[in-house]
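Some notes on the structure that comes next.
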Amino acid sequence: MIYNFDMNAKYFLSLSIIFLSLSSGIRGDIKELTILYTNDLHSHLVPHIEGWMSKDRPVGGFANIATLVKEEKAKNPETIYIDAGDYFSGPYVSTLTEGAAVIETMNFLGLDAACIGNHEFDHGWQNTFNQLKKATFPILNGNIFVEDTGKLFWDNPYIIIEKQGLKIGIIGLHGKFAFHDTINKEMVVGLDIRDEEFYLKKYIAEIKDQTDLIILSIHQGMPGRQSTIGLSDVERALFKDIDLASKVSDLDIIVTGHAHKGTEEALQSNGTLIVSTNAYTTQLGKLVVTYDTSKKKIINHTNELIPIFDDEIEDDPAMLREIEKWNTRVGEIAGEIVATSSETMTRAYGQESNMGNMFADALKAMNDTIDIAVINSGALRQDIPKGQVSIGHLISAFPFPNRGIITTLTGKEVREIFEHAAGQTNGVLQVSQGFQYSITKDNKLGFMRLNGKDIQDEGIYRVAAPNFVTMGGDGYLSFLKSSETIDSGILMFDVAKNFIQKQQNYEPFYEGRIVLEN
Ligand code: FE
């Protein structure tokens with residue numbers, strides 16, 4: 001009896017094993033994986049007004065993102081959340097803490113991985129290293145090296161995690177062009193960025209056999225446009241990613257940052273899905289892919305950019321406590337009132353802005369030998385509301401620790417600089433009073449006048465700019481030809497503070513310094 005029972009049991013057991021393996025084989029073929037993503041958070045810990053989304057409903061903020069991520073992960077614990085860099089620099093909480101407040105609050109976001117963006121270097125690479133060490137989530141980069149040692153600056157090029165029974169490789173890289181184009185060179189002396197395509201192929205080769213799916217988190221692409229005007233087409237903005245995907249195989253997904261351009265629909269290039277959000281915590285991206293394990297590829301997907309309206313989402317309590325802690329720490333310094341402003345100061349990327357006029361005039365006022373002062377539009381990051389102007393407002397408006405520099409250039413070199421500005425690949429240059437230039441409708445330089453007189457090629461001009469620009473940043477390479485360069489040592493935020501403080505009540509204005517020819 002016992003014998004028979006055993007035989008029966010064995011018989012049933014083997015039958016059920018066959019049945020189970022058959023059915024799990026069928027069901028196991030198709031897996032659904034959710035990937036949440038963000039990029040270019042830029043220290044927007046608290047909600048703010050983003051004109052293109054709503055004139056009066058605040059958007060964004062870390063406490064709202066944390067809630068959405070928690071909700072998604074509660075519904076489906078196998079969800080992944082990836083960020084594509086540029087979490088530092090924006091509202092002053094980042095500047096005043098050199099990014100510490102950002103990293104320590106990000107620890108409450110529920111991230112599974114993040115890559116490193118150019119703005120993480122805004123306070124020098126030693127600081128980047130010290131701050132990023134505080135992260136409790138994996139930070140990834142595999143192509144930034146230390147010159148002296150030849151070793152990776154951040155020794156974590158990829159991770160492999162398991163979700164839905166799938167092995168998922170996540171690689172982190174930074175675009176070489178964006179690194180040189182947008183980082184203040186002084187901040188990365190001693191670092192060496194190497195070709196992203198070469199290292200992407202290398203890491204894919206290393207992990208291909210151990211993984212089912214490979215995701216790249218990368219920071220590269222077109223410089224972000226800061227204003228709502230002249231928004232470029234998504235594919236143009238993310239062309240670097242489309243191009244990179246076209247050159248590699250076995251890459252399933254790219255989560256990208258730097259372009260500040262959201263993908264309503266995931267882009268597709270060479271079988272790779274490319275996704276990104278608009279900047280400043282305005283959206284949480286959600287990509288859901290259907291993966292066929294027998295074909296070893298994604299066979300279907302849906303993508304959405306979830307708008308983060310503060311009035312629709314409860315704040316995550318743990319995150320809120322952390323944000324309040326940092327706000328109290330920086331509030332005392334930031335709250336000091338330095339002047340009042342009769343109008344809101346607004347920034348613009350493709351035209352004259354009253355905020356650009358203020359900063360350029362402030363820079364020119366720094367020294368009376370300056371003929372022209374220029375401000376790169378991308379340096380201006382947040383509007384200043386009318387009323388009392390605090391130190392915090394000025395830092396948030398110009399959050400980078402750049403110094404005012406005076407260069408000596410020929411008229412021909414000035415022309416080259418404004419030809420680049422007119423091309424608008426990196427936004428126009430905001431200029432000081434007395435200088436005027438025009439941009440033709442095909443983005444060429446028209447006229448260029450100082451106090452009503454055309455700039456002469458053989459003339460000599462003293463041109464002031466933030467050191468980011470005078471070191472060739474944003475593509476303004478002609479500044480490097482300066483025959484005499486004087487570093488004032490004064491931070492741009494102090495330049496603005498000294499200027500506006502003298503005026504007590506500042507009246508922002510437009511006066512046609514940049515003429516757009518139609
Ligand atoms: Fe960036």
In debye to the nearest 20, the charge dipole size for segment 30-325, taken about the Cα centre with +1 at each Lys and Arg Cβ and -1 at each Asp and Glu Cβ, equals 560
The base-10 log of I(q)/I(0) that the Debye equation returns for segment 338-516 at q = 0.19 Å⁻¹, one scatterer per C-alpha, is -1.26
XL table Lys55/Lys261; Lys75/Lys261; Lys176/Lys325; Lys208/Lys286; Lys247/Lys441; Lys70/Lys261; Cα-Cα > 30 Å flagged, in table order, is Lys176/Lys325; Lys247/Lys441
Rounded to the nearest 10, the angle in degrees between the Cα long axis of helix 411-423 and the longest principal axis of the Cα atoms of the chain comes to 40
Magnitude of the Cβ-charge dipole (Lys and Arg +1, Asp and Glu -1) of the chain about the Cα centre, nearest 20 debye, reported as 420
As a percent rounded to 5, the proportion of antiparallel DSSP bridges among beta bridges in the chain is 65
Checked segment 321-438 with the C-alpha gyration tensor, a ≥ b ≥ c its square-rooted eigenvalues, rounded below a/c of 1.5, otherwise prolate if a/b is larger than b/c and oblate if not; verdict prolate
Packing-ranked peptide list from 463-474, 262-273, 81-92, highest mean Cβ count within 10 angstrom first, is 81-92, 463-474, 262-273
Sorted on mean Cβ neighbours within 10 Å (highest first), peptides 484-490, 303-309 come out as 303-309, 484-490
Check: C-alpha center segment 137-204 vs C-alpha center segment 443-481, spacing in Å is 34
Rounded to the nearest 5, the percent of DSSP beta bridges in segment 30-325 running antiparallel is 60
With a ≥ b ≥ c from the Cα gyration tensor eigenvalues, square-rooted, and the rule rounded for a/c under 1.5, otherwise prolate when a/b > b/c and oblate otherwise, the chain is prolate
For segment 362-486, the dipole about the Cα centre with charges only on Cβ (Lys and Arg +1, Asp and Glu -1), to the nearest 20 debye, works out at 280
Counting only backbone N atoms under 16 Å from a point 7 Å out along Cα-to-Cβ of Ile161, the residues of segment 109-133 in range are 109-116
Of 389-400, 436-447, ordering from highest average Cβ density within 10 Å down gives 389-400, 436-447
Shape call for segment 154-209, from the Cα gyration tensor axes a ≥ b ≥ c (a/c under 1.5 means rounded, otherwise prolate when a/b beats b/c, else oblate), comes out prolate
Rounded to the nearest 10 degrees, the helix 2-28 long axis (Cα) sits at an angle to the longest Cα principal axis of the chain of 30
In order over segment 141-156: 3J(HN,Hα) from phi, Karplus 6.51/-1.76/1.60, θ = phi - 60°, whole Hz, x for each Gly or Pro, gives 7, x, 9, 10, 10, 8, 4, 4, 9, x, 9, 4, 4, 10, 7, 7
Of all DSSP beta bridges with both partners in segment 338-516, the antiparallel percent, nearest 5, is 75
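None of the figures in this text is laboratory data; all of them are computed from the coordinates on show. Here the structure is a predicted model, which means the values were calculated and not measured. Methodologically, a virtual Cβ is constructed for each residue, glycine included, from the backbone with ideal geometry; neighbour enumeration extends over all protein chains shown.
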